[in-house]
Amino acid sequence: MNIAERLEREIAEGKIESRLPSEKNLAKRFSATTITVRKALDVLDRKYLITKIPSVGVFVKSVEKPTVRICWLTMHKNDEVENILMNCVRNHFKDIDVKFIKGTGGISDFNQFDLFTVPATSSISYSEFAEPFPAKVIGKYGSDQYYSLPFDVHRINNFYFGLPFLFSPLLLILNRKLISGLDIDIAPYHFDIAALHRLADWARKRGLFLWTLSTVYSMFRILIFNCSNGTGEVREVNMSELDGKMKKFWPLMDKGLVIDDYDPGIREKCILKWTCRQNDFFDLECGDYELLPVPEEIGAKSLMTGHFLLLSGRAAYPESALEVAEFFLSGEVQRLIAEYKIGLPVLKSCAADSIDSRKYRDDLYFCETNNVFANNAQEQEFLMRLNSTLDRALESGMELETFMAGINYEIDMTREKHKRKNNAINGGNNHAA
């Protein structure tokens with residue numbers, strides 16, 4: 001047991017109640033140098049166990065529970081399930097007051113939170129207010145026990161901004177009730193771009209919508225990132241390949257085929273919608289809906305979506321916040337995620353225990369994890385501009401050539417930004433040398 005641990009135990013047991021001995025006396029007691037003692041005191045200071053008063057001394061802080069405030073995005077339609085998970089976290093920590101505050105996902109005032117959740121496909125540029133998780137935390141989860149891909153989703157500049165606690169590949173959900181009478185075989189793993197066009201023709205003739213706006217956003221992301229020569233980076237996108245795929249896909253971009261996600265009649269009017277395990281908009285048990293992977297012509301890999309914890313750069317108790325964040329990766333929490341189907345758990349063993357292909361076609365989700373593509377945090381700025389470009393294209397009925405010119409411009413901007421950044425880094429290294 002090191003000096004910091006021994007002092008922490010003595011404080012907890014009440015053996016040291018107010019003022020600590022001087023660094024010199026502590027060094028003599030523990031047969032150590034004053035520098036080693038000072039480092040031990042720094043550890044206790046970071047844990048908010050002591051207060052250092054210059055020229056006066058070091059004192060034990062009054063017993064007070066640190067508070068960790070979590071901005072919590074709703075991740076399942078069942079409030080009872082969320083409450084079970086929240087209570088599991090609260091009850092685990094006796095010495096930390098964990099508060100869950102329901103949020104909307106927008107940037108209102110993240111400074112008031114210590115941890116906050118964001119979806120993997122978020123277009124929020126969170127690097128401005130998030131603090132990277134330290135290597136000592138991420139390094140614990142490099143074993144085969146965990147899915148490796150979730151840990152790479154929010155990597156930026158060799159740091160991890162997000163700590164995953166649940167995720168799922170993006171799938172499509174088909175409203176079979178709306179295509180009753182359509183003579184076409186639509187089945188998982190046989191769903192292709194030709195079937196999409198048949199569904200679009202059916203929708204036009206019957207005054208229906210093919211899919212929602214957010215689904216269109218997702219399909220474009222998949223299209224673009226799957227043309228990046230396997231790197232998953234915007235600057236590596238092969239424009240010739242993307243142009244060929246886009247010509248097949250563009251006719252499905254008709255404004256009349258896209259419905260707003262918040263339209264109250266969405267169930268009665270929309271044939272396709274994106275979904276994931278933690279985003280269950282439709283009742284899959286009723287038999288009217290079916291899960292489908294994204295057609296391979298759009299992309300061999302699907303997007304990953306999910307929930308990631310971010311650490312605020314202004315967390316009042318960063319050590320406590322890290323402790324709470326890590327608990328979300330514990331078997332206790334991950335088993336709840338598996339049991340209540342609020343996402344695929346990061347733990348592989350828990351994920352395997354949660355398979356139920358009779359109702360939810362979990363086999364599709366698990367199969368897609370082998371093909372899943374995760375947007376990197378470095379691409380968040382591009383994603384925000386992409387959504388704006390898509391909105392303009394839908395509103396104006398833009399021609400494909402004009403749209404592709406806009407996308408090419410955005411990709412060139414990303415390449416240029418990366419080049420400037422590398423030049424700055426290399427220039428700094430050369431200067432240092």
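In nm, give the distance between the simple-model label positions of LEU182 and SER396, each being 7 Å from the Cα along the Cα-to-Cβ direction.
Modelled inter-label distance: 3.1 nm.
Using only the C-alpha atoms of the chain, find the volume of their convex hull and express it per residue in Å³.
In the chain, the Cα hull volume divided by residue count equals 178 Å³.
So, with a 1.4 angstrom probe, what is the percent of accessible area on region 293-349 that is carbon and sulfur?
The nonpolar share, carbon plus sulfur, comes to 46 percent.
By how many nm would the segment from LYS24 to LYS140 grow when fully extended, if each residue of separation counts as 0.36 nm and the alpha-carbon distance is taken off?
38.2 nm
Among the listed pairs LYS136/LYS417; LYS136/LYS301; LYS247/LYS301; LYS177/LYS247; LYS245/LYS301; LYS205/LYS269, give every one whose C-alpha distance is greater than 21 Å.
LYS136/LYS417; LYS136/LYS301; LYS177/LYS247
How do LYS245, LYS417 stack up against each other in accessible area, from largest to smallest, with a 1.4 angstrom probe?
The ordering from most to least exposed comes out as LYS417, LYS245.
Taking the Cα centre of the chain as origin and charging only Cβ (+1 Lys, Arg; -1 Asp, Glu), how large is the dipole, in debye to the nearest 20?
1400
Which value, in Å², gives the accessible area per residue of the chain when a 1.4 Å probe is used on the protein heavy atoms?
Each residue of the chain exposes 48 Å² on average to a 1.4 Å probe.
As a quick test, which of the pairs LYS39/LYS94; LYS47/LYS348; LYS28/LYS61 have an alpha carbon distance above 29 angstrom in this structure?
Violating the 29 Å Cα-Cα cut-off are LYS47/LYS348.
Hey, any idea what the orientation-averaged projected area of the convex hull of region 331-379's Cα atoms comes to, in nm²?
One quarter of the hull surface, i.e. the mean projection, equals 4.1 nm².
Modelling each spin label as a point 7 Å along the Cα-to-Cβ direction, I'd like the ARG314/ASP95 distance in nm, to one decimal.
2.8
Could you list which residues have their amide H under 5 Å from that of TYR160, counting only those 5 or more apart in sequence or on another chain, with H placed in the peptide plane?
PHE133
Could you calculate the contour length gain from LYS421 to LYS255, that is, 0.36 nm times the residue separation minus the distance between their Cα atoms, to one decimal place in nm?
Computed gain between LYS421 and LYS255 is 55.9 nm.
The values are calculated or read from the model by the stated rules, or taken from the named source; none is laboratory data. The structure displayed is predicted, hence computed values, not measured ones. Cβ atoms come from the backbone with ideal geometry, glycine included; neighbour counts cover every protein chain shown. To get the accessible areas, we keep the full protein, side chains included, count just its heavy atoms, and leave off ligands, DNA and RNA. Shrake-Rupley method; radii C 1.70, N 1.55, O 1.52, S 1.80 Å.
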